[in-house]
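The structure under discussion appears below in the form of structure tokens.
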Amino acid sequence: MLAARFHAAGRPLSLDDVPVPVPGPDEVRVRVRAAGVCGTELHFVDGLYAPARVPMTLGHEAAGTVDAVGSQVGGWKVGDRAAVYYYLFCGGCRWCLVGRQNLCLAPRGVLAFAADGAFAEHVVVPSRCLVRLPEQLSFEQVAPLCCAGTTAVHALAEADVIPGEVVVVLGAGGVGLAAVQEARRRGAVVVAVSRNPARRAGGAHRRCGGCGRSAGSGRRGVRAVRRSGRGRGPGAGRDHGHA
Ligand SMILES: [Zn+2]
Ligand SMILES: [Zn+2]
């Protein structure tokens, strides 16, 4: 199969021909239908971060259809639509048992960071890493939720955002736009701040179903926050980079 692999910083990914992975007893193979590009992967290419080994197939925001199931897998069959959780958690350690799989003490890997990821025709993961998809969601809609979306949901849950609170989202990139939507869902008044004029000009509003405001950084941003909060300051601010 073809896989877009990282070999070294400063070089584009190369399209390599690699063996089709075979799922182990508790694993599934997913035919990748959509994969998002995370800012972290761009930082692999520019040399800021590095994966655990090279070459590495990147891609940790993936959705697709189940293509093969291991001998011990129950509940999944070929053709099922699924999103992939990229932490290949063990499911049995004390953190996994309380729902904090991102802190797993014995992960099998993390897609794109320490296990071959989803910029490929197929990816193999433990079946517990799959999330079933409703028919009305497209693979393209779902893939970016697997990292950008979950990061935003987690950040706002940690901030315990409540209705009516003013939330300032610094940076209107992938995570920032997801944070705008999640803050709106929680009933907050949202100000999205971005240095990028194109994103300010309407991206944050249109793509998120109308957030409170979008503003530039510096004084304009501060004024927008004051107006939105009718004098109150923000209850929560989150910096998502990639502005
Ligand atoms: Zn990511
Ligand atoms: Zn675990």
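The values are calculated or read from the model by the stated rules, or taken from the named source; none is laboratory data. Please read these numbers as outputs of a predicted model, since none were measured by experiment. Methodologically, a virtual Cβ is constructed for each residue, glycine included, from the backbone with ideal geometry; neighbour enumeration extends over all protein chains shown.
Take the conditions over 14 Å from Arg128 (Cα atoms) and either within 16 Å of ligand 2 (Cβ to nearest atom) or touching a Cys at 6+ places or on another chain (Cβ under 6 Å) (or both) and apply them to Val54. Does it pass? So Val54 does not fit the description; no. Failed condition for Lys77, given (1) closer than 26 Å to His7 by Cα; (2) at pLDDT 95 or above; (3) touching a strand residue (DSSP E or B) at 6+ places or on another chain (Cβ under 9 Å), with all others met? Failing condition for Lys77: (1). When segment 80-131 is filtered for residues that are more than 10 Å from ligand 2 (Cβ to nearest atom), touching a helix residue (DSSP H, G or I) at 6+ places or on another chain (Cβ under 7 Å) and not in a loop (DSSP other than H, G, I, E, B), the ones remaining, listed by number, are Ala83, Val84.
Evaluate segment 60-69: report whether one residue or more is in contact with a Cys (Cβ under 9 Å, 6 or more places away or on another chain) and more than 16 Å from ligand 1 (Cβ to nearest atom).
Checked against the condition, which is being in contact with a Cys (Cβ under 9 Å, 6 or more places away or on another chain) and more than 16 Å from ligand 1 (Cβ to nearest atom), segment 60-69 yields no hits at all.
Of the strands (runs of 3 or more DSSP E) lying entirely inside segment 1-78, the ones with 2 or more residues being under 23 Å from Cys147 (Cα atoms) and among the hydrophobic types (A, V, I, L, M, F, W, C) are found at 2-6, 27-36, 61-69. If you check Arg53, Arg108, Arg128 for being over 17 Å from Ala4 (Cβ atoms) and out of contact with any Gly (no Cβ under 8 Å at 6 or more places or on another chain), only one passes: Arg108. On the stretch given as segment 137-159, residues that are outside any helix (DSSP H, G or I) and touching a residue at least 24 places away in the same chain (Cβ under 8 Å) total 2. Evaluating Gly164 against the criteria (1) surrounded by fewer than 19 Cβ atoms within 10 Å (Cβ to Cβ); (2) on the phi < 0 side of the Ramachandran plot; (3) outside any helix (DSSP H, G or I); (4) touching a strand residue (DSSP E or B) at 6+ places or on another chain (Cβ under 9 Å) leaves one unmet condition, (2). Listed by first and then second residue, the pairs with beta-carbon distance under 7 Å, at least 6 apart or on different chains, first residue in segment 23-38 and touching a residue at least 60 places away in the same chain (Cβ under 8 Å), second among the hydroxyl-bearing types (Ser, Thr, Tyr) and within 16 Å of ligand 2 (Cβ to nearest atom), are Asp26/Ser127; Glu27/Ser127; Val28/Ser127.
Restricting segment 31-56 to residues that are aliphatic (A, V, I, L, M), within 27 Å of Gln141 (Cα to Cα) and touching a strand residue (DSSP E or B) at 6+ places or on another chain (Cβ under 8 Å), which is nearest to ligand 1 (Cβ to nearest atom)? Lay out the reasoning, then the answer.
In the first step, residues of segment 31-56 are kept if they are aliphatic (A, V, I, L, M); the result is 32, 34-35, 37, 42, 45, 48, 50, 52, 54, 56.
With within 27 Å of Gln141 (Cα to Cα) added as a condition, the list becomes 32, 34-35, 37, 42, 45, 56.
From what is left, the residues that are touching a strand residue (DSSP E or B) at 6+ places or on another chain (Cβ under 8 Å) are 32, 34-35, 37, 45, 56.
Details: Val32: 16, Ala34: 15, Ala35: 11, Val37: 9, Val45: 14, Met56: 14 Å.
Here the residue is Val37.
Residues are listed down the side, and each one gets a yes or a no for (1) of a type in the set (D, E, K, R); (2) surrounded by 22 or more Cβ atoms within 10 Å (Cβ to Cβ); (3) more than 28 Å from Arg53 (Cα to Cα):
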| position | (1), (2), (3) |
| --- | --- |
| Trp76 | no, no, yes |
| Gly79 | no, no, yes |
| Tyr85 | no, no, no |
| Gly92 | no, no, no |
| Val98 | no, no, yes |
| Leu105 | no, no, no |
| Ser138 | no, no, yes |
| Gly176 | no, yes, yes |
